[in-house]
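What follows is calculated from the coordinates using simple rules that are stated; it is not laboratory data. Please read all numbers here as calculations on a predicted model, not as lab measurements. A quick note on method: Cβ atoms are made from the backbone with ideal geometry, for glycine too, and the neighbour counts reach across all protein chains shown.
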Amino acid sequence: MSEKKNLNEIGQEILLSARNELYLNLPYLDAALCGLSFAPGQGVTVSIATDGETLYYDGSFLSDRYLRSRTLVNRAYLHVILHCMLRHLAKKHGRNSELWDLSCDVAVESILDGLTYPCLGSGGSLPLRQSLYASLRGEIPVLSAEGVYRSLLRRNLSEYDRARLQREFLADDHGLWDPESREQKERSQRQDQKWKGAAEKTQTGLETVLAGQATGGEAVYEQVRVANRESVDYRRFLRRFAVPREIMAVDGDAFDYSYYAYGLSLYGNQPLIEPPETKEEKRIEDFVIAVDTSMSTSGELVRQFLSSTYTILKSTETFTRKVNLRIMQCDDQLRSDQPIHDLRELEEYMEHFQLIGGSATDFRPVFAHVGDLMAQGVFTHLRGLIYFTDGMGIYPKKRPPYEAAFVMPEKPAAAVEVPPWAIRLPLTQEELEAAAQTAPDLERTEEEMQELPEL
């Protein structure tokens, strides 16, 4: 038996041993821990790597790690499993490859460093790790790969700092992520669905464990919960605040072409029926956007929210030529109330937008002010109010006569409890960007503005 074959067999035994030990300590991960088959990684990797289906390994690499400490192998194995379960492989497409790899490693290692099991030992340079974790948690509530990625993008790391972090958090080879061939992509999509199911089973298992007041799985649970959350279509959500309006446009759906064609065939150029000159569409007419400008809300996130909402609203599918929109800023008191009547005013407001405030958070002044405006007849068909906030503040006790949605960046803190009448909408920056990208670019000329439908 050759030495290479011996190393391959030894490597597989090491992985099986690691999987069994992890299962005994983390039984809620049973569905995920058995999700990968093993194969020698000749020509594929010199460490360990996965494509979501197989864990490829180098026997020499695993043997060296195991001799140093078996906890290093346990951490590496669970590191790979968490990548798969959090679906980091499929999410890599379209992102900066190097930065996404680093962000995924940071997110996974933050979980491992939060698990206090002897079989996992500890990570590398704890001061460096804890410093980075503390810095990131000052910006994002959960250290998901997506959140870490956005934070690192904003920091514009130097090559030295990036290399230093890569050395600290590197545990596996990501070379098999984001495949290029069509066949590989289809297989990757199937694997992604498999891991989504494993993540949902893990979340259910963790909820059972945590409900029994057992500890140790909180670090896994918070990221799995974020990963399993269904994506929010913010563009579709905004449409719920639109009201039916009759506009000047041909309604093709209500027009019967058979009578039209029959008239032309019978009388030459005389149709029996003309196309309807108006049709009913849902348009946003009366609308309120409120922004929490307290110290707990990031100014960059506020600008991203307003920019994405602005891009969606200026779409012809939602925005009429004349609109009654109010954009309010409030911390513990109303700081600003800007009326918007048309697209030009909205564009000008966004160009010169500035945050005003910085005190505590009280939502009541906005609702009281909107109530006064309704009493004055400023709003006649107000369907809803969207409040962008972290959710920590004083809510009105009484339900308003319109829908109120509290849009919260990322996953709101567990302590946030909105009133039963309010809509709670956690929304990531990626979901905001995706909604804005689906809206057509409408930098309209004056002639195009005149073609917009009148209410």
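Figures for the structure shown
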read-out	value
Relative contact order [Cα under 8 Å, 6+ residues apart], region 3-228, whole percent	26 percent
Amide H partners (placed H, <5 Å) of Ile423, local residues excluded	Ala404, Ala405, Phe406
Exposure proxy order (Cβ contacts within 10 Å, fewest to most) of Asp362, Asp105	Asp362, Asp105
Cα-based shape type of region 3-228, given that a ≥ b ≥ c are square roots of the gyration tensor eigenvalues and the cut on a/c is 1.5	rounded
Distance from region 8-56 to region 75-149 (C-alpha centre basis), Å	19 Å
Options Thr71, Ser135, Val220, ranked by Cα towards positive dipole end of region 3-228, top entry (Cβ charges)	Ser135
Vicinal HN-Hα couplings computed from phi for region 20-34 (Karplus, 6.51 cos²θ - 1.76 cosθ + 1.60; Hz; Gly/Pro x)	5, 5, 5, 5, 5, 8, 10, x, 5, 9, 4, 5, 7, 4, 9
FRET efficiency estimate (nearest 0.05) - Cβ-Cβ, Trp421 to Asp192, R0 35 angstrom	0.40
Point-to-point label distance, Gln166-His341, nm (Cα→Cβ direction, 7 Å offset)	5.7 nm
Interchain or long-range residues, amide H under 5 Å from Arg383's placed H	Asp286
Dimensions (Å) - region 1-105, Cα atoms, principal axes, largest first	45, 33, 24
Estimated vicinal HN-Hα couplings, Hz - region 70-79 in sequence order (Karplus 6.51, -1.76, 1.60; Gly, Pro = x)	5, 5, 5, 5, 4, 5, 5, 5, 5, 4
Label-point gap, in nm, between Asp30 and Met374 - each point 7 angstrom along Cα→Cβ	5.3 nm
